[in-house]
Amino acid sequence: MKKIFFDSHAHLNNEGYSAKDREELAGMIKASEVSHVVDVGFDLGSSMLAAEHAKKYPWCYAAVGFHPHDAKDMDEDALRLIKGLARKDKVVAIGEIGLDYYRNLSSKDTQQHWFRRQIALALELDMPIIIHDRDANEDVMRILKEEGVFSAERMGKFPKNPVSGLPDARLLMHCFSGSAELASQYVKLGATISVAGPVTYRNARKAVEAVAAVPMECLVIETDAPYLAPEPFRGGVNASPLIKHTARKVAEIKGISLEETARITSDNAKRFFGLDI
Ligand code: NI
């Protein structure tokens, strides 16, 4: 089996999994066409697990941070512990962090406070950032700008995109759900756009338009497993090997082969996370 897909966002650390489930999942990933997976934290426990998985599995990398839903459980001690985890081997990003005004499981003020603090941490450590933005487009962009994610100082630390020559802010818009116009704005600012399963859904006109608007060199793909299974598995449990259905849709939108889509999005993900592999 050729290992061609880089899953830039999954949750092997999902709370619903038992240790045995995770072992089985890891075996399945190892035997699949997926070469690498970034296990993304959403609170302290899941960030610790992600770092453990990165240590345990050669194909696994970790991101650490508090999701906006879990911002209400964050405090200064938790931030210090996230910082400690961020410095560990194979921990490659701060995330997923951001704002979620759809479910508002933490208050807006609390979400914004810890979003800002975690951006500041990523800037302090010169690390890539993974963003969760749901129904909060304006505040997410405003806060990213205010906190200096697109500043000359931050941008100066990362090489420009070798294909487009665009600046690189090492900012990943996870499971991008905004308009084509917003995607283009982010690309100009130096962000990378991540495409997940919903692009395969029948009503996905907006997501398809966004993918069409983003240059290939600024796109990565993800599963967000166990959530957001792509067609024909919509509504079921997602897992990294199903990423090929999302890749196939991106290939169709871009008019290139599946292999080329896999190669380019893998190269982009490796560059984004700073991996020399
Ligand atoms: Ni996620």
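The values are calculated or read from the model by the stated rules, or taken from the named source; none is laboratory data. Computed from a predicted model, the values in this text were never measured in an experiment. Counting neighbours? That spans all protein chains shown, and the Cβs are built from the backbone with ideal geometry, glycine included. The accessibility values were calculated without ligands, DNA or RNA, using every heavy atom of the protein model including side chains. Shrake-Rupley method; radii C 1.70, N 1.55, O 1.52, S 1.80 Å.
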For the stretch 35-130, take every pair of Cα atoms, bin their distances at 5 Å starting from 0, and report each bin as a whole percent. 3, 16, 27, 24, 16, 9, 4, 1
Might you tell me the accessible area per residue for the chain, computed with a 1.4 Å probe and given in Å²? 43
What is the calculated FRET efficiency for Val163 to Tyr17, with r their C-beta to C-beta distance and R₀ = 51 Å, to the nearest 0.05? 0.85
Using only the alpha carbons, work out the radius of gyration and Dmax of the chain in angstrom. 17.0, 49
PRE reach from Leu125 (point 7 Å along Cα→Cβ): which of the stretch 103-117 fall under 19 Å by backbone N? 113-117
If I take R0 = 30 Å and measure r between the Cβ atoms of Arg80 and Asp276 in this structure, what FRET efficiency does the formula 1/(1 + (r/R0)^6) give, to the nearest 0.05? 0.55
Whole-Hz ³J(HN,Hα) from phi, Karplus 6.51 cos²θ - 1.76 cosθ + 1.60, for the stretch 166-183, glycine and proline x: 6, x, 10, 8, 6, 10, 10, 8, 6, 6, 4, 10, x, 7, 4, 5, 5, 4
Can you give me the % of accessible surface on the stretch 177-220 that is carbon or sulfur? Probe 1.4 Å, all protein chains present, nothing else counted. 52
Work out which chymotrypsin sites (Phe, Trp or Tyr not before Pro) in the chain are exposed loop sites (DSSP not H, G, I, E or B, at most 16 other Cβ within 10 Å) and give the longest gap free of them. 103-200
Which trypsin sites (Lys or Arg not before Pro) in the stretch 156-209 pass both tests, a DSSP loop state and at most 14 other beta-carbon atoms within 10 Å? Lys157, Lys160, Arg202
Note: Glu181 to Glu138 extended length (0.36 nm per residue) minus current alpha-carbon separation gives 14.2 nm
Extended-chain gain in nm, criterion 0.36 nm per residue less alpha-carbon gap, Lys2 and His113: 35.6 nm
How many angstrom lie between the C-alpha centres of the stretch 185-261 and the stretch 53-124? 24
Taking only protein heavy atoms and a 1.4 Å probe, the highest-to-lowest accessible-area order of Val208, Val250 is Val208, Val250
